[in-house]
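The values are calculated or read from the model by the stated rules, or taken from the named source; none is laboratory data. Note that the structure is a prediction, hence the values are computed from the model and not measured. Cβ placement follows ideal geometry from the backbone for every residue including glycine, while neighbour counts extend to all protein chains displayed. Surface accessibility is based on the protein's heavy atoms, side chains included, excluding ligands, DNA and RNA. Shrake-Rupley method; radii C 1.70, N 1.55, O 1.52, S 1.80 Å.
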Amino acid sequence: MPCERKPMRYGHSEGHTEVCFDETGKFIVTCGNDGDVRIWESLDDDDPKFITVGEKAYSLALKNGKLVTASSNNTVQIHTFPDGDPDGILTRFTTNATHVAFNSSGSRVAAGSSDFMIKVVEVSDSSQQKTLRGHEAPVLSVTFDPKDDFLASASCDGSVVVWNIEEQTQVISWPLLQKTNDVSNAKSLCRLAWQPGQAKFLAVPVETKVHLYKRGSWDHVSTLTDDLLTQYINVVAWSPCGRFLASGSVGGVLTVWDVNSKLCVERYKHEKGFTVCSLAWHPSGSQIAYTDTEGCLGLLDGLSTFKATKDYDDLGAILDDENSVGDTVVPAAALPVPLRPVYEGPMPTPPQKAFQPGSTPAHLTHRFMMWNSVGIVRGYNDEQDNAIDIEFHDTAVHHAMHLTNSLGHTIADLSQEAVLLACPSTDELASKLQCLHFSSWDTNKEWMVDLPKGEDARALCLGQGWAAVATSTMTLRLFSVGGVQREIFSLPGPVVCMAGHGEQLLIVYHRATGFDGEQPLAVQLLQFGGRKRQIISGEPLPLSHKSYLSWLGFSAEGTPCYVDSEGVVRILNRALGNTWTPVCNTRETCKSKSDHYWVVGVHENPQQLRCIPCKGSRYPPTLPRPAVAVLPFKLPLCQTTTEKGQMEEQFWRSVLFHNHYGFLSSSGYEIDEDGQNQSQKEQQELLMKMFALSCKLDREFRCVELAELMTQNVVTLAIRYASRSRRMALAQRLSEIALEKASEVQAEQLEEQEEESEYSSVRQQNQEEEEEQVEEPGEEEDGQEMETEMETTETRKRLFPFFLYISVVLGSGKPSASSAQPRVTNILDNMTSSRKSAPLSGSAGKPNKSPVLKPLAPRPKSKAAAKRTQNTEPAPEQQKQPDVAPPASLADNTENKRPKTGFQLWLEENRKSIIADQPDLEETDVIKEAMGRFRTLSAEERLVNEMKKLTHRASRQRQGKRKEVLSEDPRPGPGFKPLSPAWRDHSLSSHKGLL
C-alpha cells in the first residue's frame, strides 16, 4: 500500500512543534517555538494565516470551531477558528502547560503541566474544573477516553496512569517509562492515544515498542514492534477508522501498523533524520501530517487504500462468519449509472487576482503596501490604530509621513513626486483615488476623485507627471499628477497589475482562461511624452510552468522586468524584437523549498537584483525592518561551469544589460558615455578572450563567427593573433571581415555627412529667404556661389582624409589620383615575416611599419641656393617638383610620429620596477633586461598589452590625423604623377612574397 511522502517545508522556528487537522480536513494547524499558531490550507500554502498566542506555544487542540493552546505564559487559551479571535483563558498553572486535549464531544479540555497537575475544564464554563493530583513529576501527555469516563496520562516520574474523571482518582498505574526531572530531558514525549469508536485499546509508546492495553480490564493484550525501530517512539496516533496506528520516533522513522494483523504496513524515514514530535490523521484517513523538532511540516499522502482494504476485510468477515448460512448470497451493490458524460480533460485554472507589485497580502494586519526604489509604505490595521506610514529612502525627497487611514485604503504607489492611494467601494461610499502631491509648489498638495458607481480600483501606478488606475470594469484611467483627468481606454482583459517609470506604462492582464495550472497573461507597454505610442500590444507574457506573476516593474534604468512564482526573473530585450530574457533564478540560492526572495528592485548598472530573503514564507514581516539582500544575475546558458560557457554568459549578459543606453539616448535622455564605452570595451575584451580560446582548440570557424561580433580595431588585433599563431587561412578570412567592417564604417560616415549637408542646405535656404528682403539679387547670387564653392571644398576636405587613411592602411600607400574610393586590397598585403630583414619588410605585429610607396624626392639644395630660389621665380620644371613632394612628406611625417609599440608601452610602465631591482644598469642594459622580461610574458598578459597598444594608437590617430592630413591640399597639384602600375604591382608582389 504505497503512499507519497511530500517534501517537508519550514513551518516554525527550531523547537518543539505540534500539528492537527480541523474536523473538515480543509486546514492543517500547527504551533511552534515561535509562539505562533499557523493555519495552512495545504502543504504548499506560502501565506498561511497566523495567530500569536505567546512567546512559545507548546501544544494545541481543535474541536467544534474552538482552538485551545498551551503557551509559555502558564495559561491555556482559547481562540475561535478559523478567525483566530481570542475567546478567553480556560485555566492557569504555576508553570508551563505541556499538553492539551479535547474529549470526543469537544465539551471538555484536559491540560497537563510541569507543576505535576492535570486539570479538566468545561469549555462552556471555565469555572467548572477538576484537578487530578498524584504525579510526582511534570506531565508528558494526556488523552480522553472516547466514552468520556477515563483519562490517561504519562509523566516524567515514569508512570502511565488511568484516571476516573468524575471521582478524580487513579484507576491503575503502570511504571513503564524512564524517570526524568523535566520534559526537556525526557527521552520520549510518550503521547498516549485511545482507539476511536469502540475505545477498546489504549496505545502506550514504551521505548521502541507500542503496548496495547484493553479498556476495562486494563490488561496488556498486544505489542506492536518493528525490527527497524532502534530509537524511542515519541508519539502515536490512531486512524479515524480505528484499525491502523501510526507512530513517530526520535530517529525520524514513521511507522503504520495494522492492529488486527499486527503487521507494519507503511514505513518511512524522515528525509533528514530529525525527531518526529507530533502526528495527526486526516479525517478521511488518506493523509498523515507530521512535524519535527526543527519546526518543519511534512505530509504522507495517498493512504486511501487503507479504507478500501478495510471494506474488503469487512466483507470477508461477513462471508467467513461461522454463524452465517452457507448458501446465503450477499448481493453486490448496484453501481450508480452516470446521468451525463463525465469530463476527464484538463480543468480550468482559477485566474490570478489583481495585486500591487511590492506589496504584501491585504488580509495581514501589518503589511507593506509598497516597497520600491523611492521608499516604503506600511499599513497598520489593528485594534489600536488604522494608519499608513510613508518612509523615503532618501530623506532629501521628502520627510516621513504618518496618515490616518480613515477611508480604508488597500493599495498604494510611491514616486519622487507623489503618493497615490485607493480604497474599495462600500454599500454607501464609492471607490476613491487619493493623491498626495508633495512635490507641488503650491499649498494644495492633495486631491481626491470618486470612481463611478460599481467601479473599483484594482491596480494603480505613478509615472513622471501622470497617474494611472485600472478598475474592475476593465477600464484604465489616466490623470495628471495634479489631478487633471486625461486619456481613458478599455483593457482587453481583467487587470493583474501595473507599473510605471518615467513616460512608460506597463500593464499585465488576463488574455484567456488557463488550464492545468497555467496563467495566460498578456502585456502592454505604452510610452507617453510628445509622441504617444504602444510599444508592446497585448503580447503573451512568458511564465514558468504552472506559475503565476509575483512582481512587475522597471529597472532603475527604465527597462521592464518581472518575476514569477518560481523565482525566475525576466527582463525586456529591446534589441531582439522586445522579447523577454531570463536573467536570474532566485530559487537556486534558496536553502529550502519553502524559502523565497521578495523582490523590491532591479538595477542594470551595476547588475543587481535587490530582494528580501523570506524563510518559510513568500512575504517578509514588517517588524523588525527586514534587511535587503543583493543577488547577482546569471543567464541560463549551457555549460556555464566551463571557461567557454562562463565567457559567453558574461558577454551576452553585458550586451543585454547595456541595451538601455540606446533606449535612453533615442528617448532624448543624457547617458553616461564613460559607462557605455567601458561596457563596450569589456565586451570586446571578452570576445578577444573567446577568440584566443577557440584558436587554442583549433576552432577556426568559431573564430570567424566571433570576429563578426568584433569592432574593426579588434578584428585587426585578431588578425595579428592569428598570424602569430601561424593560422594564415584564418587570417585571410579575418582580413575579408575587416574590409567589410571598414566599408560599413565608411558608409556610416558618408550617411552622416549627407545628413549634415542636407541640414546645412536647409539652413542656408532659410537664411537666404530671410536675407531676400535686405540684399540685392546680384549680391545674393554672388554670395550663394561663394558659399556653395566653400561648402564643396569643406566637404572634400572632410571626405579626403578618410579615403587617404583607408588607402594607406589597406596597402596602396597613398590616395588614388584617379578616384576618391580606396583601392580594395587584402590586409595580409601589409603583413611581412619578421625573420627577413629586407628594406621593405616589417614586424608582423606592427601594422604601421608596412611599406609606403612614394616617389623619389629631389636632393636638398645648399643654403645659398635655397635663398636664391626664394628670391627668384622658379622654373617650370621646379614648379612641378613640390607637387610630388607632399606624399613623401606625409609618409615621413607618419614615420616620425609612428605610435608606440607594445614593448615601448610595457617598458614605460615597468621601467621603474626594473631600475629599482637593478639600479646599476645603464640605459642599454635596461632595455635588454626589459626585452628579456617582455619575451617571458604569458599569452593573457600579451593580449592585455596588445589592447593597450591598440587604445594608444587609436588615441594618437584621433589627435594627429586631422592636423597631419587636413593640412595638405586634398586636390592633387598640376604636376602630380601617379606611380606606374608596373612599379606598384612589382612592389606589392614582392611584399606578398614575404608572407
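Counting only residues that are surrounded by fewer than 19 Cβ atoms within 10 Å (Cβ to Cβ) and farther than 17 Å from Gly84 by Cβ, segment 11-23 holds 3 of them.
Applying the criterion of at least 2 residues that are open to solvent by less than 70 Å² (accessible area, probe 1.4 Å), within 23 Å of Val714 (Cα to Cα) and modelled with pLDDT under 80 to the helices (runs of 4 or more DSSP H) found wholly in segment 904-995 leaves 939-966.
Answer yes or no as to whether Val256 is more than 50 Å from the chain's Cα centre (by Cα) and open to solvent by less than 10 Å² (accessible area, probe 1.4 Å). Here the answer is no, as Val256 does not meet what is asked. In summary, strands (runs of 3 or more DSSP E) completely within segment 199-276 and bearing 2 or more residues that are at negative phi and touching a Pro at 6+ places or on another chain (Cβ under 6 Å) occur at 233-238. Scoring Val121 on the criteria (1) open to solvent by less than 30 Å² (accessible area, probe 1.4 Å); (2) free of Cβ contacts under 8 Å to residues at least 40 places away in the same chain leaves a single failure, condition (2).
Listed conditions (1) out of contact with any Pro (no Cβ under 7 Å at 6 or more places or on another chain); (2) touching a residue at least 40 places away in the same chain (Cβ under 8 Å) are all met by Pro146, apart from (1).
It is to be established whether one or more residues within segment 181-191 are β-branched (Val, Ile, Thr) and in a loop (DSSP other than H, G, I, E, B). Among the residues of segment 181-191, not one is β-branched (Val, Ile, Thr) and in a loop (DSSP other than H, G, I, E, B), which makes the answer no.
Yes/no matrix, rows are residues, columns are (1) surrounded by fewer than 19 Cβ atoms within 10 Å (Cβ to Cβ); (2) closer than 19 Å to Pro636 by Cβ:
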residue: Gln519; (1), (2): no, no
residue: Ile536; (1), (2): yes, no
residue: Glu539; (1), (2): yes, no
residue: Pro560; (1), (2): no, no
residue: Val568; (1), (2): no, yes
residue: Thr579; (1), (2): yes, yes
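Listed here are the residues, each with its yes/no results for (1) touching a Cys at 6+ places or on another chain (Cβ under 8 Å); (2) modelled with pLDDT under 95; (3) on the phi < 0 side of the Ramachandran plot.
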position: Phe479; (1), (2), (3): yes, no, yes
position: Val523; (1), (2), (3): no, no, yes
position: Lys546; (1), (2), (3): no, yes, no
position: Gly558; (1), (2), (3): no, yes, no
position: Cys561; (1), (2), (3): no, no, yes
position: Val568; (1), (2), (3): yes, no, yes
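Here Val161 fulfils each of the conditions (1) over 16 Å from Pro146 (Cβ atoms); (2) touching a residue at least 40 places away in the same chain (Cβ under 8 Å); (3) open to solvent by less than 20 Å² (accessible area, probe 1.4 Å); (4) in contact with a Ser or Thr (Cβ under 7 Å, 6 or more places away or on another chain) apart from (2).
Among residues belonging to segment 497-517 that are hydrophobic (A, V, I, L, M, F, W, C) and within 13 Å of Ala459 (Cβ to Cβ), point out the one that is surrounded by the most Cβ atoms within 10 Å (Cβ to Cβ). Checked segment 497-517; the qualifying residue surrounded by the most Cβ atoms within 10 Å (Cβ to Cβ) is Cys497. Among the residues of segment 582-609, write down those that are closer than 22 Å to Phe651 by Cα and either in contact (Cβ under 8 Å) with a residue 40 or more places away in the chain or open to solvent by less than 10 Å² (accessible area, probe 1.4 Å) (or both). Residues satisfying the conditions are Pro582, Val583, Cys584, Asn585, Thr586, Val602, His603, Glu604, Asn605, Gln607, Leu609. Summed over segment 23-56, residues that are under 21 Å from Trp281 (Cβ atoms) and in a strand (DSSP E or B) total 8.
Selection of segment 91-118 for residues being within 19 Å of Val162 (Cβ to Cβ) and open to solvent by 10 Å² or more (accessible area, probe 1.4 Å) yields Thr98, His99, Ala101, Phe102, Ser104, Arg108, Phe116, Met117. When the strands (runs of 3 or more DSSP E) confined to segment 358-451 are screened for residues that are over 25 Å from Phe479 (Cα atoms), those reaching at least 1 such residues are found at 366-371, 375-381, 386-392.
Pick from Thr622, Thr579, Thr559, Thr589: which is closer than 24 Å to Met369 by Cβ and either touching a Lys or Arg at 6+ places or on another chain (Cβ under 6 Å) or not small (Gly, Ala, Ser) (or both)? Going through Thr622, Thr579, Thr559, Thr589 in turn, just one is closer than 24 Å to Met369 by Cβ and either touching a Lys or Arg at 6+ places or on another chain (Cβ under 6 Å) or not small (Gly, Ala, Ser) (or both): Thr622.
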